[in-house]
Each structure stands twice: as structure tokens, then as C-alpha cells.
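Before anything else, here's the structure in question.
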Amino acid sequence: MPLTLARQDLLPGLNLIGKHWVPAASGATLDVSDPATDTVFAQVPDSGADDARAAVDAASAAFPAWRKLPSRDRAQILKKWLALITEHVDDLGRLISREQGKPLAEGKGEVMYAASYVEWFSEEAVRTYGDMIPEPAMGRKLMTVKEPVGVVAAITPWNFPAAMIARKIAPALAAGCTVVAKPAEDTPLTSLALVKLAREAGLPDGVLNIVTASRAKTPEVVDVWLADKRVRKVTFTGSTAVGKHLARASADTLKKLSLELGGNAPFIVFDDADIDAAVDGLMVAKFRNGGQTCVSPNRVFVQSGVHAAFVEKLAAKVGALKVGPATDSTSQIGPMINSRAIDKIEAHVKDALAGGAKVVVGGARIRDSERDGPHYYAPTVLDGVTTTMACSCEETFGPVVAVSSFDTEAQVIANANDTPYGLAAYFYSTDIRRVWRVADALESGIVGINEGALAAASAPFGGVKESGYGREGSRYGLDDYMHVKYLCQGQVI
Ligand code: NAD
């Protein structure tokens, strides 16, 4: 079924390089499929090295004028972009749902979440203050100014096609950087629509450039950017494996890097927790986007005194979730993004069962006449999960809750931290001393305390350990796109 929008021109199906919407130099195209049915419904350019180079040429040429523009003027363009995104929330939400598979209400919610970053950075653009530093010797003035780093390469994943690109582009533009962007191969359409709206908001030629590419051609595009000295920063959200590759490959030109990588979030429920609140918090944190989020709880540790009651209440809620296509307004869980994703979920569940875990609810793919597609997985609760199972060691990225039981606080902290990752962690407790102890002890960039919904444009989002570095959103988010220049003036008499 073709995708019909109120503004059909929000589907340009082309790259934006400089002032022109263009096909790939080679003429190659990439098919975009509906994850619900696996059928192709749109095409975008399958770009290569020539397109990548042309994008950097344009971004580099646009940088001197853009960085000199008063920050108030840059902020005004971002505000206009915000207004256009909000105005077109229905079209953008439908685009997200169609190419990514999340239910329409969630798709629209994501648009507003993306908009919140544009709003935040439109406000922060005018607050990139420097310092006056008390002079250490007579006759000198010491000060700092913040400057944009230059051309930024932004590489984004498929799980939040609007939010991930907005929270990279908005701070980059606010800081005075110009951008070359490459969205995920599964979900290029939302990004192209957002870029189209950014141009309508008055963004000058070359300030924002976007090229789309297949998974096979992506390294060709990104390698050009990594090798190019004019690209001063790479901002990436995606898997830790690709993040490490980007860090290694950009070492020769020592680019600034922001890496928002995989997680393996623990969710801990202590005996003294409000169990109903913990179940509700887990439902929100786990099943947003069908479990395909980097802050999704991946390992659920429940203290033995409340374990049975918690699993029973959880299973009742998980079993009631409605799985179906994004087009059905009653759907709560859509299809998984692609066959690689659902194969991984299936392999994790199989591995857990082979190791002795039990299925409490769900536990299999769904394929029936109502959900005519290959990528649906039943919301699942596994119990009796151990620390060595695949679902404990890497993120499942799907609607599977992996529960295990623990006895002591010391034991659960050790287990929670026993992972190379450190993006998000959650715990539920009503003991005020424990709250501070556990919050201190968890090795994680983000900690939810009696709360499952953590993301906010005003809060810093990012990890520690192999979940990466850099922060998105918040007052720290702009610093990643700027460097500090120290000025020292002598002869001040
Ligand atoms: P991925 O890291 O492969 O893809 C993310 C982005 O990186 C996409 O734009 C992709 O085209 C690009 N990419 C892929 N190979 C590249 C390369 N060699 N050089 C440069 N860019 C490259 O993620 P995925 O395969 O789509 O998902 C795999 C796993 O990664 C998931 O199961 C999940 O665990 C994790 N993931 C995390 C996030 C997150 O939000 N942190 C998002 C998506 C996936």
C-alpha cells in the first residue's frame, strides 16, 4: 500500500546536498519496506563515496557564514523548524509508524519528543557563555569563548527515526556547526521529511545535508567522512560494535566523538518496593517501542520476598498487551524492525530455555491472519534467568522481560554492574538510605529511582563504560558540539 500524507512532498526520495535534492551520483536506489508486511513501499538513494564527499563539500562551504550568524538568528530558524514539526505531527507520526512499525500514537509521541529537543536547543543556542578568569598576574586578562567544532557527521539508528536525528542536528545547528547526516537504512524517510521542514524553516544552503544508504553501502559513505579532515566531529547512536569501529577509524584525524551505544539495563525491585509501582514502571520502560530502546530494562532482578507476587502481577499485564500493526489504533506493540532483530530475540529466548529458564507468558513469534507479517513477537516474561544466558549478556532489543531472583543488596549490585555496558539502570525501593546507596553504587549514566520514564530534553542522556560517551540534551548537550578557546590578553595597564 502506498503511503499517503497530507503533504506528499514530505517524501522527497532524494538526498539533500547543498541547495539541491538529488539522487545518488550512481543512480542506485534503496528500497524501504514496511516492517509489518516486509513489502517495499518507497525508495531513496543508495549513496556512495561521491555523494558523501559532495555533502562534506557543501557543509564545509556553508560553515564560515553559519558560525558567524548571531546565535539569536540561528535560534529563530530552530524555532521555525519546531513550529513546522509540530504543525506536521500527523504526517511525521504516520511516516514513523510506517517505516519503523511503532503504533501511531507512539509515532506521534516520538515526533513531539523530537520537537522537545529542537525547542530546548533553540533556547540554549543563545546561552553559549564563556568565562572571565581572575588573572594570575598583573596586566593580563584571561577569558574563554565557546566555538562550534565545525562540520559534524551524524549517524543515526532506526529505533527512533525522528528523535535520534533531532537530538543530534538541533544542538549542532544551535552551536553553529554544519551537518552531514546519514539515517539508518531501515528508516530513512522520517529524517528526509525533517530535513525538508528544516529547509522550509529557512536553513541556508549547505548547513544541513543528508544522504541515505543501504547497510552494504553505509561503510563507503561513513569511511569518507571518517577520513576527511574537514569533518571535526562524529555523533552516533547505535550498536557498541559500530561505535568502536567509528572510534578506531576516526583516530587518524582525532575527531571529537559522541557515542550513544548499546545498553544492558538492570531493573531491580527490592522487598521494600511499592510492587504495583514497580510493575507499572517496568511496563513503561520495557514496552516502549516494543522493547527496541537502548534504555529498555534487559535484566530484571527481583528480591526473593516479593519475587512471586511481582512475576504474577507482571505476567497479567504483559499477557494483556495487544500486538498488531501500527495502523490499528488498539495496537500497543508493533512488529519488530526486521528479520535480524526478530532472529536475535528468538535466539535469546531459545538460549534461556535451554539453560533452564521458564516461559511465564509469551515466548514465541506470532503469525496469524490478524497480524499478517513475519516480524511479530509475543510480549514475553521469562523467569529463572541466570547471569550467563545470552539475554543477560547482551540487549535483546525486543518485548522480552528476563526475570531472576536475588537475596541481598550486595549480590544484586554486583550482578547489575557485571556488564561492559552502563547506559540506564532502574531500581524500586522505599528505603531512603538504600535509595542513596544503590544510586551511588550503580555504574550507569542514567538511573531511574522509582521511575520508569526517564528521557527529557532538559536531562543529560548518555552512558558510561562501553555504552559510550558524550551527553545528548540538557545544558551539557551543546558542549559536545563546541570547543573552549582560551584567550589571554597582555599589556593591560
Ligand atoms: P547498528 O549499529 O548496526 O546501526 C546503527 C547505524 O549505524 C545505522 O545508521 C547503520 O547504517 C550504521 N552502520 C552500520 N554499520 C556501519 C559501519 N560499518 N560504519 C558506519 N556506520 C554503520 O545497529 P543495528 O544493527 O541496526 O542494531 C543492532 C543492535 O544495536 C540492536 O540489536 C541493539 O542492541 C543496538 N542498537 C542500539 C541502539 C541505541 O539506541 N543505542 C539503536 C539501534 C540498535
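The values are calculated or read from the model by the stated rules, or taken from the named source; none is laboratory data. Here the structure is a predicted model, which is why all the values come from computation and not from measurement. As a convention, Cβ positions derive from the backbone with ideal geometry for all residues, glycine included, and neighbour counts pool all protein chains shown. For accessibility, only protein heavy atoms count, side chains too; no ligands or nucleic acids. Shrake-Rupley method; radii C 1.70, N 1.55, O 1.52, S 1.80 Å.
Out of the stretch 237-262, which residues are within 7 Å of the ligand (Cβ to nearest atom) and outside any helix (DSSP H, G or I)?
Matches in the stretch 237-262: T237, G238, S239, E260, L261, G262.
Same structure again: Within the group V401, V447, which residue is of a type outside the set (S, T, Y), part of a strand (DSSP E or B) and open to solvent by 20 Å² or more (accessible area, probe 1.4 Å)? Walk me through how you get there before you give the answer.
On the way: V401 fails: open to solvent by 20 Å² or more (accessible area, probe 1.4 Å).
The match here is V447.
Among the residues of the stretch 26-36, how many are buried (at least 17 other Cβ atoms within 10 Å of the Cβ) and in a loop (DSSP other than H, G, I, E, B)?
2
Only residues that are in contact with a Leu (Cβ under 6 Å, 6 or more places away or on another chain) and not in a strand (DSSP E or B): list them for the stretch 12-22, please.
The one that is in contact with a Leu (Cβ under 6 Å, 6 or more places away or on another chain) and not in a strand (DSSP E or B): P12.
Looking at the stretch 77-88 only, could you name the residues that are buried (at least 19 other Cβ atoms within 10 Å of the Cβ) and out of contact with any Leu (no Cβ under 9 Å at 6 or more places or on another chain)?
The one that is buried (at least 19 other Cβ atoms within 10 Å of the Cβ) and out of contact with any Leu (no Cβ under 9 Å at 6 or more places or on another chain): L82.
Output yes when any residue across the stretch 125-136 is crowded, with 24+ Cβ neighbours inside 10 Å and closer than 16 Å to S474 by Cβ, and no when none is.
First pass over the stretch 125-136, keeping only residues crowded, with 24+ Cβ neighbours inside 10 Å: 125.
Add one more test, that the residue is closer than 16 Å to S474 by Cβ, and what stays is 125.
There is at least one residue in the stretch 125-136 that is crowded, with 24+ Cβ neighbours inside 10 Å and closer than 16 Å to S474 by Cβ.
Please go through (1) out of contact with any strand residue (DSSP E or B) (no Cβ under 6 Å at 6 or more places or on another chain); (2) open to solvent by 60 Å² or more (accessible area, probe 1.4 Å) for E466 and return the number of the only condition it doesn't satisfy.
Condition (1) is where E466 drops out.
What residue, of V381, V360, is outside any loop (DSSP other than H, G, I, E, B), more than 16 Å from the ligand (Cβ to nearest atom) and open to solvent by 20 Å² or more (accessible area, probe 1.4 Å)? Let's see the steps before the verdict.
Values: V381 fails: open to solvent by 20 Å² or more (accessible area, probe 1.4 Å).
Just a single option satisfies the conditions, and that option is V360.
Would you be able to tell me the number of residues in the stretch 386-398 that are β-branched (V, I, T) and crowded, with 24+ Cβ neighbours inside 10 Å?
In the first step, residues of the stretch 386-398 are kept if they are β-branched (V, I, T); the result is 386-388, 396.
Filter once more, keeping what is crowded, with 24+ Cβ neighbours inside 10 Å: 396.
Number satisfying all stated conditions: 1.
Taking the stated definitions as given, is F41 more than 17 Å from I155 (Cα to Cα), outside any strand (DSSP E or B), touching a strand residue (DSSP E or B) at 6+ places or on another chain (Cβ under 7 Å) and open to solvent by 10 Å² or more (accessible area, probe 1.4 Å)? Walk me through it before giving the result.
Values: more than 17 Å from I155 (Cα to Cα): yes; outside any strand (DSSP E or B): no; touching a strand residue (DSSP E or B) at 6+ places or on another chain (Cβ under 7 Å): yes; open to solvent by 10 Å² or more (accessible area, probe 1.4 Å): yes.
The answer is no for F41.
Any residue at all in the stretch 190-213 that is surrounded by fewer than 17 Cβ atoms within 10 Å (Cβ to Cβ), within 20 Å of A49 (Cα to Cα) and in contact (Cβ under 8 Å) with a residue 24 or more places away in the chain? Break it down stepwise before answering.
Residues of the stretch 190-213 surrounded by fewer than 17 Cβ atoms within 10 Å (Cβ to Cβ): 200, 202, 204-205.
Narrowing the set further to residues that are within 20 Å of A49 (Cα to Cα) leaves none.
There is no residue in the stretch 190-213 that is surrounded by fewer than 17 Cβ atoms within 10 Å (Cβ to Cβ), within 20 Å of A49 (Cα to Cα) and in contact (Cβ under 8 Å) with a residue 24 or more places away in the chain.
Considering only the stretch 40-67, state which residues are of a type outside the set (A, V, I, L, M) and touching a residue at least 60 places away in the same chain (Cβ under 8 Å). Don't jump to the end; show me each part of the working.
Just the residues of the stretch 40-67 that are of a type outside the set (A, V, I, L, M), to begin with: 41, 43, 45-48, 50-51, 53, 57, 60, 63-64, 66-67.
Within the stretch 40-67, P45, D46, S47, G48, D51, R53, S60, F63, W66, R67 meet the criteria.
Given the options V279, V269, V231, V221, name the one that is open to solvent by less than 10 Å² (accessible area, probe 1.4 Å), near the ligand (Cβ under 9 Å from one of its atoms) and of a type in the set (A, V, I, L, M).
On the way: V279 fails: near the ligand (Cβ under 9 Å from one of its atoms); V269 fails: near the ligand (Cβ under 9 Å from one of its atoms); V231 fails: near the ligand (Cβ under 9 Å from one of its atoms).
Checking each option against the conditions leaves just V221.
Hey, among V126, V89, V145, which residue is free of Cβ contacts under 8 Å to residues at least 40 places away in the same chain, hydrophobic (A, V, I, L, M, F, W, C) and touching a Lys or Arg at 6+ places or on another chain (Cβ under 7 Å)?
Values: V126 fails: free of Cβ contacts under 8 Å to residues at least 40 places away in the same chain; V145 fails: free of Cβ contacts under 8 Å to residues at least 40 places away in the same chain.
None of the other options fit; the residue is V89.
Right, V279: of a type outside the set (D, E, K, R) and under 27 Å from W158 (Cβ atoms) or not? Can you show your working first?
Details: of a type outside the set (D, E, K, R): yes; under 27 Å from W158 (Cβ atoms): no.
For V279, the condition - of a type outside the set (D, E, K, R) and under 27 Å from W158 (Cβ atoms) - is not met.
Quick one: what pairs do we get from the stretch 278-304, first residue within 22 Å of A163 (Cα to Cα), second assigned to a helix (DSSP H, G or I) and open to solvent by 20 Å² or more (accessible area, probe 1.4 Å), C-beta under 7 Å, 6+ apart or different chains?
Close Cβ pairs satisfying both conditions: M283/K317; N289/E106.
Output the number of residues of the stretch 288-309 satisfying the condition of being open to solvent by 10 Å² or more (accessible area, probe 1.4 Å) and either acidic (D, E) or over 21 Å from P420 (Cβ atoms) (or both).
Of the residues in that region, 8 qualify.
Quick check on my filter: what residues within the stretch 404-431 are in contact with a Phe, Trp or Tyr (Cβ under 8 Å, 6 or more places away or on another chain), within 18 Å of G281 (Cβ to Cβ) and outside any strand (DSSP E or B)?
V412, A416, S429, D431
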